[in-house]
1. How high is the relative contact order of the stretch 1-46, in percent, with contacts defined as C-alpha pairs under 8 Å that are six or more residues apart?
2. Residue 54 to residue 114: FRET efficiency via 1/(1 + (r/R0)^6), r the Cβ-Cβ distance, R0 35 Å, to the nearest 0.05?
3. Could you list the residues of the stretch 34-65 with an amide nitrogen less than 12 Å from a label point located 7 Å from the Cα of residue 11 in the Cα-to-C-beta direction?
4. Round to the nearest 0.05 the FRET efficiency obtained for residue 81 and residue 61 when R0 = 22 Å and r is the Cβ-Cβ distance.
5. Looking at the square roots a ≥ b ≥ c of the eigenvalues of the Cα gyration tensor of the stretch 1-101, which shape do they give, rounded for a/c under 1.5, prolate if a/b is larger than b/c, or oblate?
6. In what order do 119, 90 fall by count of nearby beta-carbon atoms within 10 Å, going from fewest to most?
7. Can you work out the PRE-style zone for residue 2? Point 7 Å along Cα to Cβ, and I want the residues of the stretch 26-45 with backbone N under 13 Å.
8. Exposure proxy check: 51, 88 ranked by fewest other beta carbons within 10 Å?
Ligand SMILES: C[S@@+](CC[C@H](N)C(=O)[O-])C[C@H]1O[C@@H](n2cnc3c(N)ncnc32)[C@H](O)[C@@H]1O
């Protein structure tokens, strides 16, 4: 199990009833760690790659079966969550959050439940992009956090 992704999930401060959205799940390793921590809560995960969603689905089949997780092929830009809201939204090493953080932020903030938080994890190099941005005031009531999970291994 990846220590990098374990560290990511620990920083989400998950509660058992959290509604969680992950953008860009890759193989679904963080998703497994999230599901282990949920009870009544539920994880929705999206990735634009059907291949990655297939792998993540295989890996998390028991949680899908239990109704605790769903894995969707979708891009962040095209995702339609309808009226659903999330307590925690997170993304690890997903390009749009680093290339165009303003756009990524404007998309995901609409999906936050009251008191919800967005967590963006990036490489050390990419984190610098966010640091140059850090004086921006988040929208009222929203908690926008950018975390570094350290080093080149990310
Ligand atoms: C570098 S991988 C990181 C995977 C995983 N989060 C990790 O850290 O191990 C980026 C993943 O995000 C997905 N992705 C990139 N841009 C995306 C977008 N705009 N919408 C949805 N998924 C995206 C890619 O298909 C890929 O699986």
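1. Relative contact order for the stretch 1-46 comes out at 47 percent.
2. 0.50
3. none
4. Computed FRET efficiency for residue 81 and residue 61: 0.45.
5. rounded
6. Ascending number of Cβ neighbours within 10 Å: 119, 90.
7. 26-34
8. 51, 88
FYI, it's all coordinate maths here, none of it is from the lab. Bear in mind that the values here come from a model prediction, so they are computed numbers and not experimental data. Here Cβ is always computed from backbone atoms with ideal geometry, including for glycine, and neighbour counts include all displayed protein chains.
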